[in-house]
Amino acid sequence: MQNNARPLSDCIADYVGAVSAGDFARAYRGILSALTQFKSAWEAAHPEDTVGALYQGYMDMSFVAVLPSSLAQRRLKLSLVFLHESGLFSLWLTAGNRAIQKRVSDALKKVPLGKYTLSTLEPGVDAIIALDLPKPYRFDEPEQLTKDLLQAAEVFLSDMTALVDSITQENA
């Protein structure tokens, strides 16, 4: 994503031009609004879960993390991530720290994952499992977009809980 060949001043001039044209700021607000609305919808639908603050990022990714009650004891989270460079929403199973991430990833290597695949753990990779949500996204229909994101996240959570439960039972 980073192109260090151009002078930073040129990059900033391009950025200022894009922001001043108006569409850039509108698009960014739309992305953050979609994540904020998802956060509110999750909190309303799942009051027993802990939902983190919106992370705006540095235009690489923006996300909302959820600590679902079904995964909290294992210190695992679900994150709805918007990847700015690709324009994709992605659901991630993440961990409270790198040690937990490695332990869970190693354990999941031993069980059938169905339609999911493990992320390759390397520096900068936070997802144990990532699922990119298919486009198009209905940004112009925010209520429908929120409903679609919430539904996808609930299915993903159900699947991740079942997978994590299977490794817990296997280790019992």
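Extent of the range 1-101 along its three principal axes (Cα atoms, max minus min coordinate, largest first): 48, 32, 18 Å.
Considering every alpha-carbon pair of the range 44-129, the percent of pairs per 10 Å bin, from zero through the bin containing the longest distance, is 16, 47, 33, 4. The stretch between ASN97 and LEU32 holds 20.9 nm of extra length on full extension. This uses 0.36 nm per residue minus the Cα-Cα distance. Think of the range 101-154 as having a plus end and a minus end, set by charges on the Cβ of Lys, Arg, Asp and Glu; of LEU145, GLY124, LEU113, LEU113 sits farthest toward the positive end of this dipole. In the complete set of protein chains, residue-level accessible area for PHE82 is approximately 10 Å², probe 1.4 angstrom. Against the main long axis of the alpha-carbon atoms of the chain, helix 8-21 sits at an angle near 80°.
About its Cα centre, the dipole of the range 79-170 is roughly 360 debye, where the only charges are +1 on Lys and Arg Cβ and -1 on Asp and Glu Cβ.
Lysine pair count for the chain with Cα-Cα distance under 17 Å and sequence separation of 8 or more or different chains is 5.
Here the chain is assigned +1 on the Cβ of each Lys and Arg and -1 on the Cβ of each Asp and Glu. Its dipole about the Cα centre then comes out at about 440 debye.
When Rg and the Kirkwood radius Rh are both evaluated on Cα atoms of the chain, their ratio Rg/Rh stands at 1.02.
Mind checking which of MET160, PHE63, LEU133 is farthest towards the positive end of the range 23-172's charge dipole, using Cβ charges of +1 (Lys, Arg) and -1 (Asp, Glu) about the Cα centre? Going by the charge dipole, the pick is MET160. Between ASP132 and ASP106, residue separation times 0.36 nm minus the direct Cα-Cα distance comes to 7.2 nm. Compare SER158, SER62, SER33 in a GNM of the chain, Cα atoms joined below 10 Å, and give the one with the largest fluctuation. For the chain, modelled as a Gaussian network with Cα springs under 10 Å, the answer is SER158. Could you work out which residue, out of ASP159, ASP140, ASP126, moves most in a Gaussian network model of the chain, that is, has the largest mean-square fluctuation with Cα springs under 10 Å? Looking only at ASP159, ASP140, ASP126, the largest GNM fluctuation is found for ASP140.
Please give the helix 98-108 orientation as an angle from the longest Cα principal axis of the chain, in degrees from 0 to 90, rounded to the nearest 10. With rounding to tens, the tilt is 60 degrees.
A 1.4 Å probe over all protein chains sorts TRP92, TRP42 by accessible area into TRP92, TRP42, starting with the largest.
When the chain is described by a simple charge dipole with +1 on each Lys and Arg Cβ and -1 on each Asp and Glu Cβ, the residue from PRO7, PHE82, GLN101 located farthest towards its positive end is GLN101.
The values are calculated or read from the model by the stated rules, or taken from the named source; none is laboratory data. Source: prediction; values computed, not measured. In this analysis, Cβ positions are derived from the backbone assuming ideal geometry, glycine residues included, and neighbour counts consider all displayed protein chains. The protein model used for the area step is the full one, side chains on, heavy atoms only, and it has no ligands, DNA or RNA in it. Shrake-Rupley method; radii C 1.70, N 1.55, O 1.52, S 1.80 Å.
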